[in-house]
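> Here you go, one structure.
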Amino acid sequence: MAEIQESSVLFSLKQLMSLEKQRVREEEAARRRALAAQEARRALDRRALAEQEARLRAEEERARREEELAREEAARLEGIRAAAVEKARVEAEQRARVEALEKQREHERRLAALAGDAQKRRLVRLIAGGSALFVAALAATLGVYFGKIQPEAEQALAEQTAARAAYEQRLAALESDLAASERQIGELTLAYQTVRSEAEKAELERKLLAAKRDRDALQGKVARPHAQPAPKKADCVCREGDPMCGCLP
């Protein structure tokens, strides 16, 4: 009887121990699940935070890039505007220079016309004031005038006309070269304001300096062109006091 009771007690103890072990396992499993869930939530929080930080960085980068592009666009537009202003200034200076040269040539033509008219009037006055005493001398003088003086004067006038034409041709060529130089400077200035590469800027700056030196040299030639050759003066063969003498002042 005592053995049966002892066996029953042992069985009960074993069941209690088994239940206790099962409870401990279940609690451990529950604790592990809770820890896993907590870690999963933390991982989700970390990922959400990382994504938010990435979005903020992307937004800041986008804003920075947009601001940089806006500055570059503003600089490009300012460069184009400055180049346009420079081009307009160069063209205005060129027009003013051409107008000044045209006025100078017109003034020279008027002076030449006035000189010719004065010579004609002087000749008419001398002829009108001559008396009958000089008829014979006048006839002889006319022979000398039309035989020698007039041909030499016509030759001198032809040489002067040819020299003037050559002078005008050289001046026109200089003005054409100067206009081409101004256009080249305007184009190089515009290109310099719009390029971004430092190497291209350095190359354009070198070309621009060379073009400006050429322009300055041409301006000096236009402002101080080669002097026109003086017309060849024929030798005076008139007799003293001859009213038809072309040597008279």
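> Mind giving me the nanometre distance, one decimal, between the label points for E20 and E93, set 7 Å out from Cα along Cα→Cβ?
Label at E20, label at E93, 10.8 nm between them.
> How large are Rg and Dmax for the range 1-100 when only the alpha carbon atoms are used, in Å?
42.6, 147
> Across the range 34-45, in residue order, what do the Karplus-derived ³J(HN,Hα) couplings come to in whole Hz, using 6.51 cos²θ - 1.76 cosθ + 1.60 with θ = phi - 60° and x for Gly and Pro?
5, 5, 5, 5, 5, 5, 5, 5, 4, 4, 4, 5
> Enumerate the calculated ³J(HN,Hα) couplings along the range 73-79 in order (Karplus 6.51 cos²θ - 1.76 cosθ + 1.60, θ = phi - 60°), each rounded to whole Hz, writing x wherever the residue is Gly or Pro.
Once rounded to whole Hz, the list reads 5, 5, 5, 5, 5, 5, x.
> Taking the Cβ of each residue in E68, E200 as the centre, tally the other Cβ atoms inside 10 Å and list the residues starting with the fewest.
Least to most surrounded, the residues fall as E68, E200.
Any read-out appearing in this document is the output of simple, stated calculations on the displayed coordinates, not a laboratory observation. Keep in mind that this is a model prediction, so the values were computed, not measured. No Cβ is skipped: glycine too gets one built from the backbone with ideal geometry, and neighbour counts run over all protein chains shown.
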